[in-house]
Ligand code: BES
Ligand code: MN
Ligand code: ZN
């Protein structure tokens, strides 16, 4: 979908449908909508449908112009809910629902007037950014593996931003910013939703290489043999059960002049399929475990977004990619492994494999890159879904400022996080009789205990946060800008973290 501007007097605006927004309740009409309706024949006032449209979040109604010569025959009105409960997320989702309605109606040229954003409690530039991200990502579907039953309705060819004045300041930059973000989200979603026989560790490595080719990033793909000789025995242990070659993928964005800056390192769990290994998972819903590389996918999504937007900041991505399979060579409960950090770990459950691959990636990041900060992101624990549900990710770490930044940025971009504590006593349950620690402790506080394990591999002086996205990486129902399937959760938070890094003063 092409995003373009039409800068012209209102009377000359033309589109197959114009998208507007409204707050719940009769007085909830925004000024731009009222003007448009008055000038275009007051369809809304006369329409019997007005009483049926309550402008609740997710509500969409279509109004048609009265007969006669009109340049905009349809008005697609999307609900935002009550004005005092407004969040940018509601606007993003409303735009997604509106554009999906346009697709249903086979609208070729959809439009959003800038004036439709007047009266919202956010600046026009931020509002437009949400509308565009919601529109683009809300329309995207993963159809690559379908040969039939494809929905015949194509999405709009163009989304036109209607304005009476030339866009200036922030508004002018917003289109490419939003397109960059949406592309990152879409990449993350596609990688996650595609099945594990397609998205293998080799595929993830290739995806990183392709990003590097397009945007001039550096990549280093560490194969299993090199990983072993570097001492990444924990990563290698998880990979042992699988016949798919495993890779520790390193991707680096170091634009000119930043090569010697301490980088922000993003580490994404890249288990392309998690059977549980010898501690085999039950079969029911096991197919969902193709999503276990959503962390790695979100990091690649970040690189897509950074590449497109030309962000001038040094950022490194590290993606431990492997399957977790049972087999004659697979690692076993009771095994003790000497990790890259030198610390030894006793395996209690081979299904707690995420922390096992991440511990080597964390220690490698700390030693190799002297990072300004480390952010790791992982579909790590089912316990996170128990604790926070499917719309909230957990954040834990060793640095208050960094954790608070994630919370604050997450709220702005509509990715919800909640902080969990990492008090020292949580280590008690992973004390081991034979090694420095066990990979699993008691079930209680499972998300925190997993983070406590990871904490052992990050030097205290490096600001670090761990994000558990087990609940948020996937949605079983259409959810506004995130249709059913993978969500791309994390991409926007990471991009804002990288973009706003200096002002965060970490
Ligand atoms: N990948 C899973 C966690 C997960 C569960 C992600 C559901 C997304 C949705 C992880 O590797 C795992 O199996 N964790 C175990 C840990 C346990 C053995 C301590 C879990 O949560 O049951
Ligand atoms: Mn597992
Ligand atoms: Zn897993």
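Coordinate-derived values only; no laboratory data. Given the structure is predicted, the values throughout are model-derived calculations rather than measurements. Using ideal geometry, Cβ is built from the backbone for each residue, glycine included, and neighbour counts are taken over all protein chains shown.
Where does each of 278, 506 land when they are ranked from fewest to most other beta-carbon atoms within 10 angstrom? Don't jump to the answer; show the numbers that get you there.
On the way: 278 20, 506 14.
Going from least to most buried by this count: 506, 278.
Where both residues lie in the range 251-363, what percent of DSSP beta bridges are antiparallel, nearest 5? It would help to have the intermediate numbers written out before the result.
Working: 6 of 14 bridges.
Percentage antiparallel, nearest 5: 45.
Let me make sure I get this right: for the chain, a, b and c are the square roots of the gyration tensor eigenvalues over alpha carbons, sorted descending. Under 1.5 in a/c it's rounded, otherwise prolate if a/b > b/c, else oblate. Which is it? Provide the component values of the computation, followed by the final result.
Values: a/c = 2.17, a/b = 2.05, b/c = 1.06.
It is prolate, given that a/c is not under 1.5 and a/b is the larger ratio.
Highest first, please rank the peptides 219-231, 397-409 by the mean number of other Cβ atoms sitting within 10 Å of their residues.
So the order, starting with the most tightly packed, is 397-409, 219-231.
Could you please rank 495, 142, 273, placing first whichever residue has the fewest other Cβ atoms within 10 Å of its Cβ?
Numbers: 495 26, 142 16, 273 23.
Least crowded to most crowded, the residues run 142, 273, 495.
Using a basic spin-label model with each label point 7 Å from the Cα along Cα→Cβ, how many nm lie between residue 288 and residue 329?
3.1 nm
For a footprinting-style exposure proxy, rank 64, 203 by other Cβ within 10 Å, fewest first. Show your work: numbers first, answer last.
Values: 64 13, 203 19.
Ascending Cβ contact count within 10 Å gives the list 64, 203.
Please give the calculated 222 nm ellipticity per residue for the chain, where each DSSP H segment of at least 4 residues contributes -39500 (n - 2.57) and the sum is spread over every residue; nearest 500 deg cm²/dmol? All intermediate terms of the calculation are to be shown ahead of the outcome.
Details: 15 runs with 176 residues, N = 506.
My calculation for the chain gives -10500 deg cm²/dmol from helical runs alone.
Have a look at the DSSP beta bridges in the range 57-173 and tell me what percent are antiparallel, nearest 5. List each step's numbers first, then the result.
Values: 5 of 10 bridges.
Around 50 percent of the beta bridges assigned by DSSP in the range 57-173 are antiparallel ones.
Decide, for the range 384-504, between rounded, prolate and oblate: order the square roots of the alpha carbon gyration tensor eigenvalues as a ≥ b ≥ c, take rounded if a/c falls under 1.5, and otherwise choose prolate if a/b is larger than b/c, else oblate.
oblate
Could you tell me how far the Cα centroid of the range 365-409 sits from the Cα centroid of the range 454-506, in Å?
What the calculation gives is 7 Å, centre to centre.
Could you work out how far the C-alpha centroid of the range 260-319 sits from that of the range 53-87, in angstrom?
That distance is 38 Å.
Relative to the longest principal axis of the C-alpha atoms of the chain, give the angle of the C-alpha long axis of helix 170-193, reported between 0 and 90° and rounded to the nearest 10°.
Once rounded, the angle reads 50 degrees.
Output the 0 to 90 degree angle, nearest 10, between the alpha-carbon long axis of helix 400-413 and the longest principal axis computed from the alpha carbons of the chain.
30 degrees
Taking a virtual spin label 7 Å from the Cα of residue 104 along the C-beta vector, which residues in the range 61-84 bring their backbone nitrogen under 11 Å of it?
Within reach of a label on residue 104, which here means backbone N under 11 Å from a point 7 Å along Cα→Cβ, the range 61-84 contributes 61-62.
By how many degrees, 0 to 90 and rounded to 10, does the Cα axis of helix 294-309 deviate from the longest principal axis of the chain?
It is inclined by approximately 50 degrees.
Please compute the contact order of the range 179-503 in relative form: average sequence separation of alpha-carbon pairs under 8 Å and at least six residues apart, divided by the residue count, as a percent. Write down the numbers at each step before the final one.
Numbers: 780 pairs, mean separation 73.0, N = 325.
It rounds to 22 percent for the range 179-503.
Out of all DSSP beta bridges in the chain, what portion is antiparallel? Express it as a percent rounded to 5. Before the final figure, lay out the partial values.
Working: 29 of 71 bridges.
The answer is about 40 percent antiparallel.
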